[in-house]
Amino acid sequence: ELAWRLAIRDVRSQYRGSLLGYFWAFITPLFSTAVWVFLSATGVVKVASTDIPYPAYVFSGTMLWQIFTEALSSPLGQISASKSMLAKLNFPREALILSGAFKVIFNAVVKVVILVPALFLFGVFPDAHIVYFPLGVGVLILVGLSLGLLLAPLGTLYSDIGRFIPLVTQLLMYLTPVVFAMPAAGTMARLFGANPLTPVMLTARAWLTGAESPMFTYFLAVAGCASILLLIGWFLYRITMPVLIERMSS
């Protein structure tokens, strides 16, 4: 109940004082799409051909990537924003993580509501596979939350972790089929293939755009590993929070 109330408070205040409000949910992906389409059209960056129109490929990829990065940053962000409350009040600490998860899911729903109609404008028409798309988004959020929860205790002690996360996600984006198509061969193909986010991105986008998942078995394996990591992260969070709160209070 506390997590739900905190989530509602955060969602209501998220765009308070913002002129554009929920338009920020797609402004960044839209600008990224425009930049990459321009770079590709002018030949500055050579991009391999994609199964769907390139603007739809980039827009859907950046929207999905934004969902992942929000999930990854959520646990540490929730703890950092609630340090004073943690030090002064006694309440179930898990409520912060659940509240962040609720907020990530809400923002993901907003993005999906925008993304699906936008595909029609790009000339992409989803089919029956779209019923599986929420599962793809759910696994993307699961991977982000599990990794974020593992990093949260260390990030609470050292602010460098919070600064390091955006740098890593920016680099990782170029090793994931977000704006670039999956390479067919070579070193980059091996790097893309070794990246556990690759099957999640490919599967979610395939279901969204009306295609079979090209790496479904790998996708299931990543989902299973992320579930285990989430339980481990939850356990570490519970046993380390008393120590972290004592450190924050001193």
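The values are calculated or read from the model by the stated rules, or taken from the named source; none is laboratory data. These figures come from a predicted structure and were not determined experimentally. Every residue, glycine among them, receives a Cβ derived from its backbone with ideal geometry; neighbour counts consider all protein chains shown. In case anyone asks, the SASA skips ligands and DNA or RNA and just uses the protein heavy atoms, side chains included. Shrake-Rupley method; radii C 1.70, N 1.55, O 1.52, S 1.80 Å.
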Problem set entry | Test: Leu175 is without any contact (Cβ under 8 Å) to a residue 40 or more places away in the chain, surrounded by fewer than 19 Cβ atoms within 10 Å (Cβ to Cβ) and touching a Phe, Trp or Tyr at 6+ places or on another chain (Cβ under 8 Å) | yes
Exercise. For the range 49-90, which residues satisfy the criterion of being more than 30 Å from Trp207 (Cβ to Cβ), open to solvent by less than 30 Å² (accessible area, probe 1.4 Å) and touching a residue at least 24 places away in the same chain (Cβ under 8 Å)?
Worked result: Ile79, Leu86
For this session: Return the total of residues in the range 3-26 being at pLDDT below 70 and aliphatic (A, V, I, L, M).
Result: 3
Exercise. Which one is most open to solvent (accessible area, probe 1.4 Å) among residues in the range 237-250 that are in contact with a helix residue (DSSP H, G or I) (Cβ under 6 Å, 6 or more places away or on another chain) and aliphatic (A, V, I, L, M)?
Worked result: Met248
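A quick yes/no check of all residues on (1) in contact with a helix residue (DSSP H, G or I) (Cβ under 6 Å, 6 or more places away or on another chain); (2) β-branched (Val, Ile, Thr):
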position: Leu76; (1), (2): yes, no
position: Ile79; (1), (2): yes, yes
position: Met85; (1), (2): no, no
position: Val109; (1), (2): no, yes
position: Asp127; (1), (2): no, no
position: Leu149; (1), (2): yes, no
position: Ala152; (1), (2): yes, no
position: Gly155; (1), (2): yes, no
position: Asp160; (1), (2): no, no
For this session: Evaluate the range 95-103: report whether one residue or more is farther than 24 Å from Tyr158 by Cα and either free of Cβ contacts under 8 Å to residues at least 24 places away in the same chain or surrounded by 14 or more Cβ atoms within 10 Å (Cβ to Cβ) (or both).
Result: yes
